[in-house]
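The values are calculated or read from the model by the stated rules, or taken from the named source; none is laboratory data. Note that the coordinates shown come from a computational prediction; the quantities given were computed from them, not determined experimentally. Every residue, glycine among them, receives a Cβ derived from its backbone with ideal geometry; neighbour counts consider all protein chains shown.
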Amino acid sequence: MEASQYYDSLIQQGYSPQQAEQYTSQHYPGFTAQPKASIPIQDSVVGGNIHSGDVIHHHHAAPVVQAEPAQEQSLWAPAQSAAQPVFLTETKKKIYIAPWVGVGLIVFMLIMPFVQVSFEGENIGESMSGFEIIGEMGEAASESDGGGDGDGDDFDMSDIPEEWVLFGIAILMLMFSPVVYLLFAIISTGLLAFKKHTLVVGILHLLFFAVFFACSVLGTIEIEGYTMSAHANMAGWGFFGAGLAGILLCIKA
């Protein structure tokens, strides 16, 4: 900054010409202000008229005018005061692919053999798919009159060996498994249609399969020296495929 600019800045701040010249000469030795028209100026320190003889001056260090930082502040001020932009991102509900594949696999496996009686590695008779079992159960329910004539004899369950009870439970679960798996597939389809995950349904699906397998293993029976179980001698590969499809219902992908 030149001496004249420094002098003019002091005048603009309200200093008298004498004070401005005094302070300017401290920073710029040899500076002399050009004579200007006399203007009554109020003393900035005491308040008396400068042309009157009664003026008390207080001596202060020369003020330092920093023009460059002020310019820098003026350039950055709009950027700092400007409102920060807010970006609104629309949350999209995720489409779960794996559960959809699991539902399709369950329906497909219901077409495959669910019940296949085998003995010593050879199949006996024809297999039945899951949908065929559901159809047979529906026909049996419609033909049943709902009434039974009991003979009044009491049946003691304690007389049946425990492995036979578990074997019977495994057989019942195998026969009702097409209905259970189809029901889980329908519920999963409804959840996926509303972009909901099927984790709970998948857990229940696998739990049903695990309980069947536990009952079948613990309910392995022996007939005339031959072992027989529901999972090894009666369940078809369609049952196992539909049961393991519950894993896909638990995957969040």
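Which one of 192, 204, 182 is on the phi < 0 side of the Ramachandran plot and touching a Ser or Thr at 6+ places or on another chain (Cβ under 9 Å)?
So the residue among 192, 204, 182 that is on the phi < 0 side of the Ramachandran plot and touching a Ser or Thr at 6+ places or on another chain (Cβ under 9 Å) is 192.
Out of all the residues in region 236-253, which are farther than 27 Å from residue 122 by Cα and in a helix (DSSP H, G or I)?
Listed by number, the residues that qualify are 246, 247, 248, 249.
If you take the residues of region 178-205 that are of a type in the set (A, V, I, L, M) and in contact with a Cys (Cβ under 7 Å, 6 or more places away or on another chain), which of them is nearest to residue 243 (Cα to Cα)?
Within region 178-205, the match that is nearest to residue 243 (Cα to Cα) is 203.
Do you know which residues across region 198-235 are assigned to a helix (DSSP H, G or I), of a type in the set (Phe, Trp, Tyr) and over 19 Å from residue 130 (Cβ atoms)?
Selection gives nothing.
Just to be sure I understand the filter: pairs with C-beta atoms under 8 Å, separated by 6 or more residues or on different chains, first member in region 12-29 and on the phi > 0 side of the Ramachandran plot, second member among the hydroxyl-bearing types (Ser, Thr, Tyr) and in a loop (DSSP other than H, G, I, E, B). Which pairs pass?
14/44
Sort out which residues of region 182-197 are at pLDDT 95 or above and either among the aromatic types (Phe, Trp, Tyr) or not in a helix (DSSP H, G or I) (or both), and write them in order of number.
Passing the criteria: only 184.
Report yes if some residue within region 148-162 is among the small types (Gly, Ala, Ser) and at pLDDT 95 or above; otherwise report no.
Within region 148-162, the first condition is being among the small types (Gly, Ala, Ser), and the residues that meet it are 148, 150, 152, 158.
Going one step further and asking which of them are at pLDDT 95 or above, we end up with none.
Checked against the condition, which is being among the small types (Gly, Ala, Ser) and at pLDDT 95 or above, region 148-162 yields no hits at all.
Restricting attention to region 202-253, report how many residues are within 16 Å of residue 112 (Cβ to Cβ) and either free of Cβ contacts under 8 Å to residues at least 60 places away in the same chain or of a type in the set (Asp, Glu) (or both).
3
Matching residues to (1) in the same structural domain as residue 113 (by TED's automatic domain parsing); (2) among the small types (Gly, Ala, Ser); (3) surrounded by 17 or more Cβ atoms within 10 Å (Cβ to Cβ):
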| residue | (1), (2), (3) |
| --- | --- |
| 195 | yes, no, no |
| 199 | yes, no, no |
| 208 | yes, no, yes |
| 218 | yes, no, no |
| 225 | yes, yes, no |
| 229 | yes, yes, yes |
| 238 | yes, yes, yes |
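List, please: which pairs have Cβ atoms under 6 Å, are six or more places apart or on different chains, and start with a residue in region 97-119 that is closer than 30 Å to residue 227 by Cβ and end with one that is among the β-branched types (Val, Ile, Thr) and in a helix (DSSP H, G or I)?
114/133
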